[in-house]
Amino acid sequence: MAMAFSTIEVNASMGKIVAAPTAGASGILPAAFMSAKIKFDLDKDTLINGLLTSSFIGKIIGKYFTFAGAEGGCQAECGSAASMASAGLVQMLGGSVEQCFHAGSFALLNVMGLVCDPVAGLVEYPCAFRNSSGVINAMLCADMALADVKSVVPFEEVMKAANIVGSALPLSLRETGIGGIAGTETACNIRNVYFSKFDK
């Protein structure tokens with residue numbers, strides 16, 4: 001979780017990050033991979049193969065779903081990142097291709113319907129917390145797949161379902177900064193104070 005937080009902090013401070021798959025979800029994949037590298041003493045080639053697997057999963061997500069919170073809610077950002085990370089972890093730990101797809105399915109299933117509601121429209125809060133939970137989601141789903149738990153619904157169908165759910169979310173819950181947590185009284189006060197600095 002600390003690694004995921006640190007990546008998001010670098011992003012928020014205008015530092016250089018790799019948006020994998022998006023800046024708002026950029027802490028999930030690297031935190032999952034670096035944690036696995038340390039825990040299992042993985043070498044560079046293993047990490048590269050994990051990234052290739054994650055990229056392949058990302059291509060399928062891009063075909064059937066979206067990575068944009070503005071189109072599909074946070075399930076599209078943190079859900080996709082967790083799905084990619086989970087499949088990559090399975091590959092790096094010796095799982096099969098089928099197990100990679102199961103892990104990727106579980107990770108999106110766990111957050112299906114998650115809205116995108118950043119306070120003041122800034123990718124910081126609650127995004128940082130969702131990155132930290134996304135890492136745990138990815139690791140949990142990899143563990144389940146490696147234990148031979150199987151997704152009843154195939155990966156492509158999970159992505160299609162997520163696309164339908166994302167499209168059904170009201171616009172206020174798709175990265176507009178006006179619904180969900182962003183719409184609370186406290187969040188609106190924060191937004192007003194923040195943007196009043198630019199009105200002068």
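Placing +1 on the Cβ of every Lys and Arg and -1 on the Cβ of every Asp and Glu, with nothing else charged, gives the chain a dipole about its Cα centre of roughly 320 debye. Against the longest alpha carbon principal axis of the chain, how many degrees, from 0 to 90 and to the nearest 10, is the axis of helix 28-40 turned? With rounding to tens, the tilt is 40 degrees.
Here the peptides 17-23, 191-197 are ranked by packing, the mean other Cβ count within 10 Å, and the order with the highest first is 17-23, 191-197.
Computed from label points 7 Å out along Cα-Cβ, the spacing between residue 189 and residue 52 is 5.4 nm.
Highest mean first, the peptides 142-148, 30-36 sorted by other C-beta atoms within 10 Å per residue fall in the order 30-36, 142-148.
With R₀ fixed at 30 Å, the C-beta to C-beta distance from residue 1 to residue 44 puts the FRET efficiency at about 0.80. Site pair residue 59 and residue 136 shows an inter-label distance of 3.4 nm when each label is modelled 7 Å from Cα along Cα→Cβ. Against the empirical 2.2 N^0.38 Å (N residues), the chain has a Cα radius of gyration ratio of 1.02.
For 66, 46, the sequence from fewest to most other C-beta atoms within 10 Å is 46, 66. If R₀ is 41 angstrom, what is the calculated FRET efficiency for the pair residue 148 and residue 13, using the beta carbon separation as r and rounding to 0.05? Plugging the Cβ-Cβ distance into 1/(1 + (r/R0)^6) gives 0.45. Between the helical axis of 155-168 and the longest alpha-carbon principal axis of the chain there is an angle of about 10 degrees. Which residue, chosen from 29, 50, 125, occupies the Cα position most advanced towards the positive end of the dipole of the chain, where the dipole is computed from +1 (Lys, Arg) and -1 (Asp, Glu) charges on Cβ about the Cα centre? In the chain, that residue is 125.
FYI, it's all coordinate maths here, none of it is from the lab. Computed from a prediction, not measured in an experiment: that's the story for all the values here. Quick reminder, even Gly has a Cβ in these numbers, built from the backbone with ideal geometry, and neighbours come from all protein chains shown.
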